[in-house]
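The next block holds one structure in the form of structure tokens; read it before the comments.
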Amino acid sequence: MTTAARSSARAAVDRPAPRAGVIGLGMIGGGVAVSLARRGRVPAVFDVRPEAADALAGVPDVLGSAAEVARISDVVLVAVVDADQARTVLTGPGGILAGAAPGSVVVLLSTVAVPVVHELAALCAEHGVDLLDCGVTPGDKAADNGLVAILGGDAAVVERARPVLVDFAKEVVHCGPLGAGMATKIARNVVTYGCWRAVHEASTLAAAAGVDPAKLMTVIDRADPDGATLLSWLRMRTAATPKVRALVPQVERLMDKDLAAAQDLAGTLGVDIPLVDVARNHVAETLAIEEATR
């Protein structure tokens, strides 16, 4: 163990329960393990790569199996790539459920389909183990205590796991019952990838019109350096004040006009902009504000 790891281990002597384990030491899991160690909650860890912890500051060597980690952990964080790997580390030979004591909590950090969350929770329940689904973002901040933890599951289970969660996440958001965290993470990913597509279409259109895409980036950065525009209508729609409701017809006309101009330019230049086409076809739906319930 490195000097830093020994120092973190000494700090962990005074760290309150629960004990933490991390399965999977890629960008997310490795970063989470580093963040936990920095806070003095040195986790037990496992990865199929024996050398996976070597470059992770304060993190001890990997144990021999996921079961060994579960045996000495109260909260086990699972950061594997997909549903099949999650099933394997839970139920395979030497898996978490072979070592976890009843009352333990498994926190699934991997992004999987919501039905998979329920499937894995049922497998855990057979062993008296609770499961929380926990989407995390942004991945590149995992080693800097910079993640937002997006939780789904029973509130009492969330509270049991919270001491571990707050030691690696800058914010813990409990979104609702089992599956709600994963649904929120999936929705957040839709925003990310949808924006990438929108930027692709916009930059392609600008380039076809003879504009350097770097100029487009400059305009966007200078006009909205904090990215407030992205959520501006959702915030107003959520507030649903009379003033916002009165704005809808005006914004609808502007949105339709501006998207029509984009379609006209794209048609002239022979540029394909399917996202713009969809957006214009659904202007009214995008801007609709639900009637207040009594």
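Numbers for the structure displayed
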item: Residue among SER110, SER104 that is open to solvent by less than 50 Å² (accessible area, probe 1.4 Å), over 15 Å from VAL32 (Cα atoms), touching an Asp or Glu at 6+ places or on another chain (Cβ under 8 Å) and among the small types (Gly, Ala, Ser); result: SER104
item: Residue within the range 103-112 that is more than 22 Å from ALA17 (Cβ to Cβ) and β-branched (Val, Ile, Thr) present; result: yes
item: Test: residue in the range 73-88 that is in contact with a strand residue (DSSP E or B) (Cβ under 6 Å, 6 or more places away or on another chain), more than 19 Å from THR184 (Cα to Cα), of a type in the set (Ser, Thr, Tyr) and open to solvent by less than 50 Å² (accessible area, probe 1.4 Å); result: yes
item: Among (1) modelled with pLDDT of 95 or more; (2) of a type in the set (A, V, I, L, M, F, W, C); (3) open to solvent by 70 Å² or more (accessible area, probe 1.4 Å) - the single one ALA246 does not satisfy; result: (1)
item: Among (1) open to solvent by 70 Å² or more (accessible area, probe 1.4 Å); (2) under 23 Å from VAL278 (Cβ atoms), the one test that ALA223 misses; result: (2)
item: Any hit, the range 152-163, residues being open to solvent by 40 Å² or more (accessible area, probe 1.4 Å) and among the basic types (Lys, Arg); result: yes
item: ASN145 vs. criteria under 26 Å from SER35 (Cβ atoms), surrounded by fewer than 17 Cβ atoms within 10 Å (Cβ to Cβ) and in contact (Cβ under 8 Å) with a residue 40 or more places away in the chain; result: no
item: Among (1) among the β-branched types (Val, Ile, Thr); (2) within 18 Å of the chain's Cα centre (by Cα); (3) buried (at least 21 other Cβ atoms within 10 Å of the Cβ), the one test that THR137 misses; result: (3)
item: Unmet criterion (only one of (1) open to solvent by less than 20 Å² (accessible area, probe 1.4 Å); (2) at pLDDT 95 or above; (3) outside any strand (DSSP E or B); (4) over 20 Å from ARG160 (Cβ atoms)) for LEU36; result: (4)
item: Hits in the range 226-238 - residues which are open to solvent by 60 Å² or more (accessible area, probe 1.4 Å) and either at pLDDT below 90 or within 16 Å of ALA288 (Cβ to Cβ) (or both); result: LEU234, ARG235, MET236, ARG237, THR238
item: Failed criterion for VAL271 (all others in (1) assigned to a loop (DSSP other than H, G, I, E, B); (2) farther than 30 Å from GLY210 by Cβ; (3) among the hydrophobic types (A, V, I, L, M, F, W, C) hold); result: (2)
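The values are calculated or read from the model by the stated rules, or taken from the named source; none is laboratory data. None of the values given here were measured: they were computed from a predicted structure. Backbone-built Cβ (ideal geometry, glycine too); neighbour counts: all protein chains shown. Only protein heavy atoms, including side chains, enter the accessible area calculation; ligands, DNA and RNA are left aside. Shrake-Rupley method; radii C 1.70, N 1.55, O 1.52, S 1.80 Å.
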